[in-house]
Amino acid sequence: MADAVHFFLGANSGDGFQSLFHELEQAGTYDLMILKGGPGSGKSTFLRALGAAMEEAGERVEYLPCSGDPDSLDGVALPGMGCAAADGTPPHILEPRYPAAVDRIVDLGRFYDLTAAKAARDEIVALTEEGRAAALRARRCLKGARQAELEALEPGRAGFDLARALRRMDGVIARELRRRSGGGPGRTQRRFLGGITCAGTVWRFDSVDALCPRVYELADRWELAGPLLERLRAAAVERGWDVTACPAPEEPERLEHLLIPELGLAFVSTRPGMEYGKKPFRRIRLDAMTSARERGRERFLRRMAGALREEAAAALRDAKSAHDRLEAVYNPYVDFDGVRALAAIETGRLLSWQGRTLSH
């Protein structure tokens, strides 16, 4: 059985929901199932059944947890087959771009008992609006937290010796990133490694360890690693290696981690609240490459940001509570035997494609 890994395709932020779900529609995708259906319609049931069957069949499985509730699933990707299945409902809306040829809708709403659901209309509407209000509260808290963090980070960024850091990265590139023989440039896929959830801040460094035995840790309390990781990413791709680039959940244009599984090599940035927690292969102290030192004002701003993030997590817990109660209303009116039967049919379809040669 192949090892499974976990990444996120969504992230909560002060600017709203950050989505990487379009990454499942990259060139080379053979089949993307877009699941449609409301709360409690069996999307996670379908995805868990699919993932378990493909693990049993020896495929490497990427589980894609929900950014609001990491115990729930929003998708399953099968990198070796170029196939995936994902929840295509708000806030991560997906629609087919190349229907049937590449992507297709799998309708789980068919398993609702419509008459029974309509009889529970008032309760369903009230719980839906309660969840939306809690999500909005979380967004406002995260907006304030990020503004405080940016103020705290300004001295460190202003005093950063970027030229020195880039020279250090060029040495790493020369040492670690040999040119791959044959073929063209590599590919970049983007995944979030974690973020703020109803369970607090969650980081899946276990997935880094599963894919990459050698880990460079960039100690980065001032969030300076972005341009360095981008330099590493560009060099790896130019030399023919496929990479997984992990952007910051609240600034998707800025990289926080880089994985090169074919080389068993990863680069992760760490800071308080985002600790790797193991002994790395190498550690590079970016904090030593800035002239700034944390003063009372920066400490105050970081404490303020931390308090607001705690409030955001509490609001996300309220949103999850409303969602759980909403699913409890729907669940008696869902034909889960039908959901599981459909999952078995689709799993069989994917297994019939196992071993197919992927076109690049």
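The values are calculated or read from the model by the stated rules, or taken from the named source; none is laboratory data. As the structure is a prediction and not an experimental result, all values here were calculated from the model. Cβ: placed from backbone, ideal geometry, glycine included. Neighbour counts: every protein chain shown. With ligands, DNA and RNA removed, areas are computed over all heavy atoms of the protein, side chains included. Shrake-Rupley method; radii C 1.70, N 1.55, O 1.52, S 1.80 Å.
Name the residues in segment 17-58 that are under 21 Å from residue 326 (Cβ atoms) and not in a helix (DSSP H, G or I), would you?
Across segment 17-58, the qualifying residues are 17, 35, 36, 37, 38, 39, 40, 41, 42.
Report whether or not residue 84 is modelled with pLDDT of 95 or more and buried (at least 16 other Cβ atoms within 10 Å of the Cβ). Quick ask: steps written out before the conclusion?
Numbers: modelled with pLDDT of 95 or more: yes; buried (at least 16 other Cβ atoms within 10 Å of the Cβ): yes.
Yes: the conditions hold for residue 84.
Against the conditions (1) assigned to a strand (DSSP E or B); (2) out of contact with any Ser or Thr (no Cβ under 9 Å at 6 or more places or on another chain), where does residue 252 fall short? Just the number, please.
(2)
Pull out all pairs, ordered by first then second residue, where Cβ-Cβ is under 8 Å, the residues are six or more apart or on different chains, the first lies in segment 211-226 and is in a strand (DSSP E or B), and the second is of a type in the set (Asp, Glu).
Between residues of segment 211-226 that are in a strand (DSSP E or B) and residues that are of a type in the set (Asp, Glu), the close pairs are 215/209; 219/287.
What are the pairs with Cβ atoms under 7 angstrom where one residue, in segment 157-168, is over 14 Å from residue 293 (Cβ atoms) and the other, located anywhere, is open to solvent by 60 Å² or more (accessible area, probe 1.4 Å) and not in a strand (DSSP E or B)? Sequence gap at least six, or different chains.
That search, which allows pairs on different chains as well, returns 162/227; 166/231.
Is at least one residue of segment 133-153 surrounded by fewer than 14 Cβ atoms within 10 Å (Cβ to Cβ) and in contact (Cβ under 8 Å) with a residue 60 or more places away in the chain?
no
What about residue 195, is it of a type in the set (Gly, Ala, Ser), assigned to a helix (DSSP H, G or I) and either out of contact with any helix residue (DSSP H, G or I) (no Cβ under 8 Å at 6 or more places or on another chain) or at positive phi (or both)? Even if it seems obvious, please write down each step before you answer.
Values: of a type in the set (Gly, Ala, Ser): yes; assigned to a helix (DSSP H, G or I): no; either out of contact with any helix residue (DSSP H, G or I) (no Cβ under 8 Å at 6 or more places or on another chain) or at positive phi (or both): yes.
No: the conditions fail for residue 195.
Tell me the residue from 282, 254, 239, 231 that is among the basic types (Lys, Arg), buried (at least 17 other Cβ atoms within 10 Å of the Cβ) and modelled with pLDDT of 95 or more, please. First the steps, then the outcome.
On the way: 282 fails: buried (at least 17 other Cβ atoms within 10 Å of the Cβ); 254 fails: buried (at least 17 other Cβ atoms within 10 Å of the Cβ); 239 fails: buried (at least 17 other Cβ atoms within 10 Å of the Cβ).
The match here is 231.
Give the residue, chosen from 340, 299, 303, that is basic (Lys, Arg), out of contact with any Pro (no Cβ under 7 Å at 6 or more places or on another chain), within 24 Å of residue 113 (Cβ to Cβ) and open to solvent by 50 Å² or more (accessible area, probe 1.4 Å). Step through it out loud before you land on a result.
Details: 299 fails: within 24 Å of residue 113 (Cβ to Cβ); 303 fails: within 24 Å of residue 113 (Cβ to Cβ).
The unique qualifying residue is 340.
For segment 23-71, enumerate the residues that are modelled with pLDDT of 95 or more, in contact with a Pro (Cβ under 7 Å, 6 or more places away or on another chain) and not aliphatic (A, V, I, L, M).
The answer is 62, and nothing else.
Residues of segment 257-279 being surrounded by 20 or more Cβ atoms within 10 Å (Cβ to Cβ) and outside any strand (DSSP E or B), which ones?
The answer is 276, and nothing else.
Take residue 303 and decide whether it is free of Cβ contacts under 8 Å to residues at least 40 places away in the same chain and either in contact with a Cys (Cβ under 9 Å, 6 or more places away or on another chain) or not in a loop (DSSP other than H, G, I, E, B) (or both). Full working, then the answer.
Numbers: free of Cβ contacts under 8 Å to residues at least 40 places away in the same chain: yes; either in contact with a Cys (Cβ under 9 Å, 6 or more places away or on another chain) or not in a loop (DSSP other than H, G, I, E, B) (or both): yes.
In short, yes.
In the list 86, 49, which residue meets the criterion of being aliphatic (A, V, I, L, M), under 23 Å from residue 248 (Cα atoms) and touching a residue at least 60 places away in the same chain (Cβ under 8 Å)? I'd like the intermediate steps shown before the answer.
Values: 49 fails: under 23 Å from residue 248 (Cα atoms).
Criteria check complete, one pass: 86.
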